[in-house]
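Enquirer: Right, I'll just put the structure down here and ask away after.
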Amino acid sequence: MVEREGVVLSLPASVCGRGERKLSMGSLSEALGSEEFCATAVCGLTLEEVLDRLGVVDRADLPEYRIDNAAESLGLDDWSVRLYCPSGSGWAYLFDVNGQTGVTHKTPVLKRLSAGTEAVSVWSLIGSTTHIAQVRDGQLLATCSTWMFTPASGPEPDRLNRALERAGFFQEDEAEDDFDDALAALDAVESEFGLAVEPEVVVGPLPTVIVPVRLD
């Protein structure tokens, strides 16, 4: 249980990720693949709460875009994010329209999203570079860049390192051609934090907003 500014958010282990899957659903990798993407999951937030933390004011008739046409329709300059809040999953998901930008992986954005709760983010770039971050109540607990071939660092890296090791990171044969950093990172956080999505919904039309304030 976390108390913040007079508001108490209860974070039960079964909901906020102790390796338990509450729903029988698919994986993020089925929807995102291993191309450029940035996906962030925040525990226990509703769509309205996500919008609050992103600073979105105009919420009437939010446009919806598919994963394969959002960038074409919106362009690559704005900080556009697709939102997915499946009922009963215990997590809210944010997917960058432009995966190269890494909007929801930026530390100031993660701090806002994780206030009073927990967030985990995976950002995959071209060139086999993947960044993973775990944040709780605005504090960056652990971060890892697969480009460095070294374990996660931060105040509390053990949990993320265990998850990454189970997924095949930090092994002698990690650099083999058939090891996909992005897919392995998604598998690690899904398994450890109990994430589960409906891939057909993730690739389909989702409410899409522009993060109005650049916090970097």
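The values are calculated or read from the model by the stated rules, or taken from the named source; none is laboratory data. It should be emphasised that the depicted structure is a prediction, and the values quoted were computed from it without experimental measurement. When we count neighbours, we look across all protein chains shown, and the Cβ atoms used for this are built from the backbone with ideal geometry, even at glycine. We work out accessible area using only protein heavy atoms, side chains counted, and drop any ligands, DNA or RNA first. Shrake-Rupley method; radii C 1.70, N 1.55, O 1.52, S 1.80 Å.
Enquirer: Mind checking which pairs have a first residue in the stretch 36-58 that is at negative phi and a second that is part of a loop (DSSP other than H, G, I, E, B) and hydroxyl-bearing (Ser, Thr, Tyr), Cβ under 7 Å, 6 or more apart or different chains?
Expert: That search, which allows pairs on different chains as well, returns Val42/Ser114; Val42/Thr117; Cys43/Thr117; Leu45/Thr117.
Enquirer: Something else about it: From the set of residues in the stretch 102-133 that are assigned to a loop (DSSP other than H, G, I, E, B) and either within 18 Å of Arg53 (Cβ to Cβ) or at pLDDT 90 or above (or both), which is farthest from the chain's Cα centre (by Cα)?
Expert: Of everything passing the filter in the stretch 102-133, Gly116 is farthest from the chain's Cα centre (by Cα).
Enquirer: Taking the conditions exactly as written (open to solvent by less than 60 Å² (accessible area, probe 1.4 Å) and within 22 Å of Arg136 (Cα to Cα)), does Gly44 satisfy them or not?
Expert: Criteria met by Gly44.
Enquirer: Select from the stretch 141-169 the residues that are over 13 Å from Leu186 (Cα atoms) and either part of a loop (DSSP other than H, G, I, E, B) or of a type in the set (Lys, Arg) (or both) and list them in ascending order.
Expert: Result: Phe149, Thr150, Pro151, Ala152, Gly154, Pro155, Glu156, Pro157, Arg159, Arg162.
Enquirer: Here's something else I'd like to know. Can you name every residue in the stretch 1-54 that is assigned to a loop (DSSP other than H, G, I, E, B), modelled with pLDDT of 95 or more and touching a Leu at 6+ places or on another chain (Cβ under 7 Å)?
Expert: Gly44
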